């Protein structure tokens, strides 16, 4: 069998991906299917680190957060990512995957603190490591957390799982003529504001020469095809 194209990945999973067709929250069937795809990749020998967003949970309280202090709202969002991380950890445990959650906020009763050396050892031992609570500071997105943890974990690629099967020339929902990029440079993605990730995350990945692949987590088998190096999604690369 062909070997995977990547030995260690940082998988960025949006909170919205866990909702399925629900308006907010976690859809059990969806999370079990996503975990099954992660398990398939892990069994190939790929070391998987993860960052998950919290939009699926925060969406439910968003109306109450209107007008709220930005830092307070961001901390609420970080706690939502912890809840999603715990749900993923539980689903992985039930599927037979060994998983650890490390939090950038101090929550010792439910998650380990983020310790880089320990996280690296977990990955080397074949455990999935989920980094929760962003980077532990407000005003930074989980995209930035994914870029930062990807660099810290010496990942070979950041794989961003979304609802769309790649990066397009325009919003495919609004422009039927929009086409998918097979690959695009960081400079072009930033210059054309292609909405791959926020500018802080994109710049960090570019400066550290850490490529990004954007793909749809809702396409069956797509994650495996990405790690095998097949034409799936869009590759954002350094010139």
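The values are calculated or read from the model by the stated rules, or taken from the named source; none is laboratory data. Just so we're clear, the structure is a prediction, and the values are computed from it rather than from any experiment. Because the Cβ atoms are built from the backbone with ideal geometry, glycine has one as well, and the counts that use them run over all protein chains shown.
Quick notes
- Selection status of residue 194, surrounded by 14 or more Cβ atoms within 10 Å (Cβ to Cβ), without any contact (Cβ under 8 Å) to a residue 60 or more places away in the chain and either over 18 Å from the mean Cα position of the chain (by Cα) or part of a loop (DSSP other than H, G, I, E, B) (or both): yes
- Against the test of being buried (at least 20 other Cβ atoms within 10 Å of the Cβ) and modelled with pLDDT of 95 or more, the options 130, 57 yield a single qualifying residue, 130.
- Annotation: residue 45 fulfils all but one of (1) on the phi > 0 side of the Ramachandran plot; (2) modelled with pLDDT of 95 or more; (3) under 17 Å from the mean Cα position of the chain (by Cα); the unmet one is (3).
- Which numbered condition residue 178 fails, given (1) under 15 Å from residue 48 (Cβ atoms); (2) surrounded by fewer than 20 Cβ atoms within 10 Å (Cβ to Cβ); (3) in contact with a strand residue (DSSP E or B) (Cβ under 6 Å, 6 or more places away or on another chain): (1)
- Sole exception among (1) over 16 Å from residue 146 (Cβ atoms); (2) in contact (Cβ under 8 Å) with a residue 40 or more places away in the chain for residue 27, by number: (2)
- Residues in the stretch 73-88 that are in contact with a strand residue (DSSP E or B) (Cβ under 7 Å, 6 or more places away or on another chain) and surrounded by 23 or more Cβ atoms within 10 Å (Cβ to Cβ): 81, 82, 84, 85, 88.
- Failed item in (1) assigned to a loop (DSSP other than H, G, I, E, B); (2) in contact with a strand residue (DSSP E or B) (Cβ under 9 Å, 6 or more places away or on another chain), with residue 149 passing the rest: (1)
- Residue 188, sole failed condition from (1) under 26 Å from residue 225 (Cβ atoms); (2) crowded, with 19+ Cβ neighbours inside 10 Å; (3) without any contact (Cβ under 8 Å) to a residue 24 or more places away in the chain: (2)
- Applying the set (1) over 18 Å from residue 152 (Cβ atoms); (2) surrounded by 21 or more Cβ atoms within 10 Å (Cβ to Cβ); (3) in contact with a strand residue (DSSP E or B) (Cβ under 8 Å, 6 or more places away or on another chain); (4) in contact (Cβ under 8 Å) with a residue 60 or more places away in the chain to residue 99 leaves exactly one unmet item: (4).
- Of all residues in the stretch 155-175 being under 26 Å from residue 52 (Cβ atoms) and loosely packed, with under 15 Cβ neighbours inside 10 Å, the one that is nearest to the chain's Cα centre (by Cα): 163
- Just one residue in the set 225, 206 is free of Cβ contacts under 8 Å to residues at least 12 places away in the same chain, in a helix (DSSP H, G or I) and either touching a helix residue (DSSP H, G or I) at 6+ places or on another chain (Cβ under 6 Å) or surrounded by 14 or more Cβ atoms within 10 Å (Cβ to Cβ) (or both); that residue is 225.
- For the stretch 128-143, the count of residues that are touching a residue at least 60 places away in the same chain (Cβ under 8 Å), in a loop (DSSP other than H, G, I, E, B), touching a strand residue (DSSP E or B) at 6+ places or on another chain (Cβ under 7 Å) and more than 30 Å from residue 181 (Cβ to Cβ) is zero.
- Lone unmet requirement of (1) closer than 20 Å to residue 15 by Cα; (2) surrounded by fewer than 20 Cβ atoms within 10 Å (Cβ to Cβ) for residue 92: (2)
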